[in-house]
Amino acid sequence: MRHAQVCNLGAVSDQELEDILAATEVGEVWGVGRKIGAQLQAAGVKTVLDLRRLDPAMVKHRWSVVLERTVRELQGRACIGFEDAPAAKQEIACTRSFGHPVTELHDLGESVTEFASRAAEKLRKQGGHAGQVLVFIRTSPFRVKDRQYSRSMVVPLRRPTDDSRAISQAALAGLKAIYQPDYHYAKAGVMLLDLSDAAVQQGELALEDEDSGRDPSRLMQALDAVNGRYGRGALQLASAGLEGVNRAWSMKQERRTPGYTTRWGELAVARA
């Protein structure tokens, strides 16, 4: 019974380990799916102990290298490494479909600013910088009566950054270049490309007075701290519009669960 809840296989004797493996069906092994499990059963491999006793080279030839590594792990050889933290993303995107068709550049600019700001926030959380910003807009392919249009543009940044202002400015510049009037846009998005570690930066000569004496990272830290304490949207770029105002590009959220713990107006009311 002492192995029924949490079992440390590294702390049991060899005989206890074999007894446990012999009492466990092969389908219980992580990575052995229904299809492979049925094939193993047909080949006479009924328990995890049977799987452990197989020849890894034969397993690789007959099934896959993944199952071979599993067999080697069961035999006590480390083949699958552990990740203490998820790997940093190579691209960061923020895209949304609009609740209603959007036609005006101003409304699209609000949405693109919002998406760029959210993407920049994700970028700062993983400690990275972006070298390029991709922005796209498109109409809905399901509105067959509407004229169709889809366009994207990649805007390189002068220097890699995680500054929401610089990223939003690049996204807005790309939006103005690809925007065409008289279309009913249904979706827009921003993607951060050419990501790098924020700790590794390319130096350059200070030939201009631009941003002299200013540290944009401190401003972004303050922005994230305020939004983390008071909720997303407490502080935002002006070009994103006002939070709470019925913006033309807002998503439909009729079925959204009320914010019982974050909004006074949505508190649950108990009635006798």
Inset, instruction - Only residues that are assigned to a helix (DSSP H, G or I) and closer than 17 Å to residue 17 by Cα: list them for region 50-75, please. - result: 50, 51, 52, 70, 71, 72, 73, 74
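So that you can scan it fast, the table gives a plain yes or no per residue for (1) among the basic types (Lys, Arg); (2) within 15 Å of residue 96 (Cα to Cα):
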position	(1), (2)
115	no, yes
128	no, no
140	no, yes
143	yes, no
150	no, yes
162	no, no
166	no, no
174	no, no
190	no, yes
Legend entry - Positions within region 88-106 being part of a helix (DSSP H, G or I) and either free of Cβ contacts under 8 Å to residues at least 24 places away in the same chain or buried (at least 19 other Cβ atoms within 10 Å of the Cβ) (or both), in sequence order: 106
Legend entry - Filter result (farther than 16 Å from residue 76 by Cβ, β-branched (Val, Ile, Thr) and assigned to a loop (DSSP other than H, G, I, E, B)) within region 9-49: 24, 32, 45
Legend entry - Answer residue from region 27-57, given it is more than 38 Å from the chain's Cα centre (by Cα) and of a type in the set (A, V, I, L, M, F, W, C) and is surrounded by the fewest Cβ atoms within 10 Å (Cβ to Cβ) among those: 42
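Looking only at residues that are of a type in the set (Asp, Glu) and free of Cβ contacts under 8 Å to residues at least 12 places away in the same chain in region 58-87, which one is surrounded by the most Cβ atoms within 10 Å (Cβ to Cβ)?
So in region 58-87, the residues of a type in the set (Asp, Glu) come out as 68, 73, 83-84.
Applying the additional criterion that residues be free of Cβ contacts under 8 Å to residues at least 12 places away in the same chain yields 73, 83-84.
On the way: 73: 16, 83: 6, 84: 4.
Residue satisfying both the conditions and the ranking: 73.
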Legend entry - Selection from region 131-155 of residues that are under 10 Å from residue 185 (Cα atoms), in contact (Cβ under 8 Å) with a residue 40 or more places away in the chain and part of a strand (DSSP E or B): 137, 138, 139
Inset, instruction - Give me a count of the residues in region 204-231 that are modelled with pLDDT of 80 or more and among the basic types (Lys, Arg). - result: 2
Inset, instruction - Could you list, in sequence order, all residues of region 151-203 that are surrounded by fewer than 18 Cβ atoms within 10 Å (Cβ to Cβ), at pLDDT 95 or above and β-branched (Val, Ile, Thr)? - result: 154, 178
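The values are calculated or read from the model by the stated rules, or taken from the named source; none is laboratory data. Because the structure is a prediction, the values reported are computed rather than measured. Positions of Cβ are backbone-derived with ideal geometry, glycine not excepted, and every protein chain shown enters the neighbour counts.
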